[in-house]
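As structure tokens, the structure follows; a few thoughts come after it.
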Amino acid sequence: GEDVEQSLFLSVREGDSSVINCTYTDSSSTYLYWYKQEPGAGLQLLTYIFSNMDMKQDQRLTVLLNKKDKHLSLRIADTQTGDSAIYFCAESGGSGGYQKVTFGTGTKLQVIP
Amino acid sequence: DGGITQSPKYLFRKEGQNVTLSCEQNLNHDAMYWYRQDPGQGLRLIYYSQIVNDFQKGDIAEGYSVSREKKESFPLTVTSAQKNPTAFYLCASLTQGENIQYFGAGTRLSVL
């Protein structure tokens, strides 16, 4: 079945850039997503990218997609303490009317002041 | 204010008891989902529903049941058959046009 993998932990200093990486196995993925989860809360969509795109930028966030290697990354510029959270990579694709979304295990980002 | 509301935020279950988690959305989304989140694991799909009066099992449906009598509501019952129910439960809904899942704030279920 589909699989999405992420490293479990990343620590950066405030003001530096953070890069969170993700690999996936489903070659028929149509959308790839990044969600943010703060402690005790639900998942908040940060950004998403269509599988026919290479890059998407949204303020401090840059998403890069290497479809050949099935690799997705999220770069957060000028990382702030408020960016400390768990970041989930997810992909969707599916036949019929059902969009199955597969989530990674999440990367916990710790921002050191 | 549109969104997905899950209640209660915290829930405790006694041995042998069934408990029901509520999920309501006013986004007019057709599809709704229930996920279970355990520490260090991703989200695992319990049940999903694409339309009223229809729902399908996800990857870990055993010990759970759902209903979808109204478009806005998709309650999840954790039955006594679920032997390890302690987890964080997340409800989501999706609109086909955007292919984006929106999440509620979650319910944390613990066993007494």
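All of the numbers you see were taken from the coordinates with simple rules; none came from a lab. For clarity, every value in this text was computed on a predicted model and none was experimentally measured. All Cβ positions, even for glycine, are placed from backbone atoms using ideal geometry, and neighbour counts span all protein chains on display.
Sort through B:LEU43, B:LEU109, B:LEU94 and tell me the only one that's more than 10 Å from the chain's Cα centre (by Cα), surrounded by 15 or more Cβ atoms within 10 Å (Cβ to Cβ), closer than 30 Å to A:LEU46 by Cβ and more than 10 Å from every other protein chain (Cβ to nearest Cβ). Spell out how you get there, then give the answer.
Values: B:LEU43 fails: more than 10 Å from every other protein chain (Cβ to nearest Cβ); B:LEU94 fails: more than 10 Å from every other protein chain (Cβ to nearest Cβ).
Sole residue among the options that is more than 10 Å from the chain's Cα centre (by Cα), surrounded by 15 or more Cβ atoms within 10 Å (Cβ to Cβ), closer than 30 Å to A:LEU46 by Cβ and more than 10 Å from every other protein chain (Cβ to nearest Cβ): B:LEU109.
Out of A:SER18, A:SER92, A:SER11, I need the residue that is under 24 Å from B:ILE4 (Cβ atoms) and either touching a Lys or Arg at 6+ places or on another chain (Cβ under 7 Å) or more than 14 Å from every other protein chain (Cβ to nearest Cβ) (or both). Which one?
Working: A:SER18 fails: under 24 Å from B:ILE4 (Cβ atoms); A:SER11 fails: under 24 Å from B:ILE4 (Cβ atoms).
None of the other options fit; the residue is A:SER92.
Restricting to the stretch B:24-40, name every residue that is farther than 26 Å from A:LYS108 by Cβ and within 11 Å of the chain's Cα centre (by Cα).
B:GLU24, B:MET32
Take the residues of the stretch B:3-40 that are within 14 Å of chain A (Cβ to nearest Cβ) and exposed (fewer than 12 other Cβ atoms within 10 Å of the Cβ): which is farthest from A:GLU91 (Cα to Cα)?
B:TYR10
Residues being touching a Cys at 6+ places or on another chain (Cβ under 8 Å) and either within 14 Å of another protein chain (Cβ to nearest Cβ) or buried (at least 21 other Cβ atoms within 10 Å of the Cβ) (or both): count how many of those fall in the stretch B:71-91. Show your work before the answer.
Step one: of the stretch B:71-91, the residues touching a Cys at 6+ places or on another chain (Cβ under 8 Å) are B:73-76, B:91.
Keeping just the survivors that are either within 14 Å of another protein chain (Cβ to nearest Cβ) or buried (at least 21 other Cβ atoms within 10 Å of the Cβ) (or both) gives B:74, B:76, B:91.
Selection size over the stretch B:71-91: 3.
Hey, which of the strands (runs of 3 or more DSSP E) in the stretch A:17-67, taking only ones fully inside, have at least 3 residues that are within 11 Å of the chain's Cα centre (by Cα)? If you could, list the steps in order and put the result at the bottom.
Working: elements: A:18-24, A:31-37, A:43-50, A:55-58, A:61-66.
It comes to A:18-24, A:31-37, A:43-50, A:61-66.
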